[in-house]
Amino acid sequence: LQYALRFYAHEIPVRLGVVFVANDEKEITGFDDASVAMLNLYNFIKSNNGIQKALDVLIEV
């Protein structure tokens, strides 16, 4: 993730993708599965502060 953030932050013309593998069962929450919690965290921060901040937070976790 650090390399992806560096490419994004320095606007290097490369297309990057991050794949989240999370449990898709509706009854599973972030309290039950860490992958769901990380995806929820990323989506929340991205919607409020942007992609760069969301990647920063995931790297720090």
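The values are calculated or read from the model by the stated rules, or taken from the named source; none is laboratory data. Keep in mind that what you see is a predicted model, and the values were worked out from it rather than measured. Virtual Cβ from ideal backbone geometry, glycine too; neighbours counted across all protein chains shown.
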- Query: Within region 39-50, is even one residue touching a residue at least 12 places away in the same chain (Cβ under 8 Å) and polar (S, T, N, Q)?
  - Reply: no
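Can Leu5 be described as part of a helix (DSSP H, G or I), out of contact with any Ser or Thr (no Cβ under 8 Å at 6 or more places or on another chain) and at pLDDT 90 or above? Working first, answer last.
On the way: part of a helix (DSSP H, G or I): yes; out of contact with any Ser or Thr (no Cβ under 8 Å at 6 or more places or on another chain): yes; at pLDDT 90 or above: no.
Criteria not met by Leu5.
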- Query: Among the residues of region 25-37, is there at least one that is touching a helix residue (DSSP H, G or I) at 6+ places or on another chain (Cβ under 6 Å), surrounded by 14 or more Cβ atoms within 10 Å (Cβ to Cβ) and of a type in the set (Val, Ile, Thr)?
  - Reply: no
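Can you spot a residue in region 11-20 that is assigned to a loop (DSSP other than H, G, I, E, B) and either among the hydroxyl-bearing types (Ser, Thr, Tyr) or touching a Cys at 6+ places or on another chain (Cβ under 7 Å) (or both)?
no
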